[in-house]
Amino acid sequence: MFLLNGHASNSLPISDRGLHYGDGLFETLEIYQGKPLFLAQHLQRLQLGCHRLKIPVFDPQLLTQEAHHICENHARGVLKIIVTRGSGGRGYRQPDPVAATRILGVYPYPDYPQHYTDQGVELTVCQHPVSTNPVLAGIKHLNRLDQVLARSEWQDERFQEGIMSDSQGFLIEGTMSNLFWLRDQTVFTPCLAQAGIDGIVRQWLISYLQAKSILVETGQFTLDHIVNAHEVWVTNSIIGIWPVKAINDQAYVLGPVVRQLQAAWQQARKQQLSC
């Protein structure tokens, strides 16, 4: 099911700048018991992205209504919200005035095995780098070719995710996730000031850890920094929190901290259902 500017539709004008230039943004949310979880947080990041790209800011109340409407009959699924700059002629100059396009679509929930959450996943290291640009860092713009090319590097079913770095070798994220690790009572995660997506689960997790007086350090780290980690995990709004049991041939234990975080995240999800 898709909504295009509030109306049921499966087609988009071929002149839309989202098709021509990736000129837009998107958000991906979990649907559970007919509700889009953490919708307010996703819309806040979407609004930030609109400001960054100078796309006219959408009405969050309208998108909230449309999101609840399209999700209400789905027990489990994925909601994708896309906002583009709308249609325009050939060339990079934006139309005047801009009439932004909003698209909402519901997709099946991915069939991830439960043991990914319970026993952990294995990661590989991607060679394709993440492009750096502080203006685009943090937001989910439609230009995802770096992730597409990185994900094409492996077909081995042994690996469920790939780690990406920037051109200088500093860790940024997974192809679809944010990266964390624990070492010496401190949780580390890459700085996203120049590249990467500031995930909703990442934001929640950092706030949760700080509230529990657990030290969180963001910075420029290389793969060497993870070698002696006590625990490693990846996050996004669909998978939640996956423990990492190996990166290539480097094994890691599934420890108490990631288990605590998984339990706290499940509680946060339940609270969303009562909102």
Report task. Note down the magnitude of the dipole of region 1-101 about its Cα centre, charges +1 on Lys and Arg C-beta and -1 on Asp and Glu C-beta and zero elsewhere, to the nearest 20 debye. Result -> 300 debye
Query raised in the report: Of the peptides 41-51, 226-236, how do they stack up when ordered by the mean number of other Cβ atoms within 10 Å, highest first?
Result: 226-236, 41-51
Query - Average accessible area per residue (Å²) across region 66-201 - probe 1.4 Å, nucleic acids and ligands excluded - result: 49 Å²
Query - Lys, Arg +1 and Asp, Glu -1 on Cβ, resulting dipole of region 133-188 about Cα centre, debye, nearest 20 - result: 160 debye
Report summary line: So for region 201-241, using the alpha carbon gyration tensor with a ≥ b ≥ c as root eigenvalues (a/c under 1.5 gives rounded; past that, a/b versus b/c decides prolate or oblate), I'd call it oblate
Report summary line: Compactness summary of the chain: radius of gyration and Dmax from Cα atoms, Å, are 19.0, 56
Report summary line: Filtered hits (lysines, Cα-Cα < 25 Å from Lys270, offset >= 8 within chain) -> Lys35, Lys80, Lys212
**Report entry** region 160-275, Rg to Rh (Cα coordinates; Rh as Kirkwood inverse mean 1/r)
**Finding:** 0.94
Query raised in the report: With the contact rule set at Cα under 8 Å and sequence spacing of 6 or more, what percent relative contact order holds for the chain?
Result: 18 percent
Report summary line: Descending packing, highest mean Cβ count within 10 Å first, for 170-180, 100-110 is 170-180, 100-110
Report task. Please report, in debye to the nearest 20, how large the charge dipole of the chain is about its Cα centre when each Lys and Arg carries +1 at its beta carbon and each Asp and Glu carries -1 there. Result -> 740 debye
Report summary line: Beyond 27 Å, the calculated P(r) of region 41-192 holds a percent of Cα-Cα pairs equal to 40 percent
Query - Cβ crowding within 10 Å averaged over residues, with 18-31, 205-218, 251-264 ranked highest first - result: 18-31, 251-264, 205-218
Query raised in the report: Within region 197-230, whose backbone N sits under 18 Å from a point 7 Å along Cα→Cβ of Asn248?
Result: 221-229
Query raised in the report: How many angstrom separate the Cα center of region 94-132 from the Cα center of region 1-74?
Result: 14 Å
Query - Helix-only mean residue ellipticity at 222 nm for the chain, each DSSP H run of n ≥ 4 adding -39500 (n - 2.57), per residue, nearest 500 - result: -8000 deg cm²/dmol
Query raised in the report: So, with a 1.4 angstrom probe, what is the percent of accessible area on region 129-174 that is carbon and sulfur?
Result: 54 percent
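The values are calculated or read from the model by the stated rules, or taken from the named source; none is laboratory data. Since this is a predicted model, take the numbers as computed values, not measurements. Neighbour counts run over all protein chains shown; Cβ positions are idealised from the backbone, glycine included. Heads up: the accessible areas ignore ligands, DNA and RNA and are worked out on the full protein's heavy atoms, side chains in. Shrake-Rupley method; radii C 1.70, N 1.55, O 1.52, S 1.80 Å.
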